[in-house]
1. Taking each pair of different alpha-carbon atoms in region 196-348 once, compute 1/r for the pair, average those values, and report the inverse of that mean as the Kirkwood hydrodynamic radius in Å to one decimal.
2. Among P159, G409, S379, which residue has its Cα positioned farthest towards the positive end of the charge dipole of the chain, with +1 placed on the Cβ of Lys and Arg, -1 on the Cβ of Asp and Glu, and the dipole taken about the Cα centre?
3. Using alpha-carbon positions, what is the distance between the centroids of region 77-97 and region 161-228, in Å?
4. What's the longest piece of the chain with no exposed GluC sites (Glu not before Pro), counting a site as exposed if DSSP puts it in a loop and it has at most 13 other beta carbons within 10 Å?
5. Quick one: what do you get for region 35-154 if you divide its Cα Rg by 2.2 N^0.38 Å?
6. Excluding residues fewer than 8 places away in the same chain, name every one of the aspartates and glutamates whose C-alpha is closer than 12 Å to that of K302.
7. Could you identify which residue out of V166, V102, V293 has the top mean-square fluctuation in a GNM of the chain using Cα springs shorter than 10 Å?
8. Which of these, G385, G97, G106, has the largest mean-square fluctuation under a Gaussian network model of the chain (Cα springs below 10 Å)?
Amino acid sequence: MALCRRVLRKHLGINHVLKSAIVCHERYLSEYVSAKSQDSVKTSDHVLYTQEHFALKDSLKKIIDREINPHVDKWEKEGQFPAHRIFKILGSAGFLGVSKPVEYGGLGLDFSYSMALAEELGNINCGGIPMAIGVQSDMATPALARFGSAALKREFLQPSITGDKVACLGVSEVGAGSDVASIKTKAVRKGDELVINGGKMWTTNGAQADWMCLLANTSDGPPHKNKSLICLPMNLHGIHIARKIDKIGMWSSDTAEVFFDDVHVPCTNIIGQEGMGFTYQMLQFQEERLWGVANVLTTMEKVVQETIKYTRQRKIFQQPVLYHQVVHFRLAELQTEIELLRSLLYHCTALYIKGNDVTKLASMAKLKAGRLARELSDSCLQYWGGMGFTSDVLVSQFYRDSRVLSIAGGADEVMLSIICKYMDTLPRK
């Protein structure tokens, strides 16, 4: 915590929160700094976040309100947002590497700060842009930061943190989504190079990415021990963006299908130990899943609050819709579920920071988040009546965008299998 405060003292320069400035980081947030943490939440009242967390959230909120939300409708219609421009803004302010090493441009803070920012990104008025940012900060880069060589970190991690390069994650394939062990893409060693053939599907940021964190088979051994994570520049000969996939939601986030045809990359681009890619990716998935939970919490709360406001104004049978017991009771149930999920997230995050294995709890949180998002969006949309069936309101957008939460990063059924494994209830082979 002492290190966290030293970094934030320099990085944020907040008079009412911190009394002195210690040089730990060169970037300065003078344009976006908030003079105080959220007035409505006292540090002593929060089980996980400190004044520094709220100061960081306040600064990010300013960027969201100024640089992102005014353009969301336009980017949703265009089917893509300008990732390089937005990531550069976020990177210059330090928001793409809060938990990454200081020597590579990060802030060196603990994982709870990533969760705080993930929550704040839920204030973006769509799901696609937060998801793309999350891929950059907490899905494509954790393994590189943790296991990569110094050379790879300088070439790929540092520019990703500063926003000079856009990253994507290449795991899923046409025949291997949640079943990661079944991927077919191969990286065959020839001399000092790897020759890559295959393809990746559902690649967020794929149409704009400068590099991919690629999971590929580097040997013919057992499926859990024959894979490696590879830093793959996306401008190499033989890489083809086959198409940008048309989706029912997450419209402003480009999702690509990518093919590799004899792509040559140095063997030194392997992250960490060769053959450990599956393990590294499973570790990377835990941060991805917790990030997804944190991000959706804010949006779910916004949807409930907007539904309360709308149903208080809209009348049916001579009284506001909200005054019907079935409506306000249901909204109370949904708010309760949100708070229970939030408590699980904070508990899981606190354990993770201390170095504990949170695979079971993260899987539970991911499972609950996906199911609650579907339940909440459906219930709230119903109370909006015909307006809920239009594309003009947040609840309908959340209805479209949130459906992927039960699919991406491990489907609900995979989360259940993981939980059962830890409960020792899976059938014996």
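The values are calculated or read from the model by the stated rules, or taken from the named source; none is laboratory data. Here the structure is a predicted model, which is why all the values come from computation and not from measurement. All Cβ positions, glycine included, derive from the backbone under ideal geometry; neighbour counts span all protein chains shown. Just the protein is used for accessible areas: all its heavy atoms, side chains included, with ligands, DNA and RNA removed. Shrake-Rupley method; radii C 1.70, N 1.55, O 1.52, S 1.80 Å.
1. Its Kirkwood hydrodynamic radius stands at 19.4 Å.
2. Selected residue: S379.
3. After rounding, the separation between the Cα centres reads 24 Å.
4. 32-429
5. 1.11
6. E119, E120
7. Looking only at V166, V102, V293, the largest GNM fluctuation is found for V102.
8. G385
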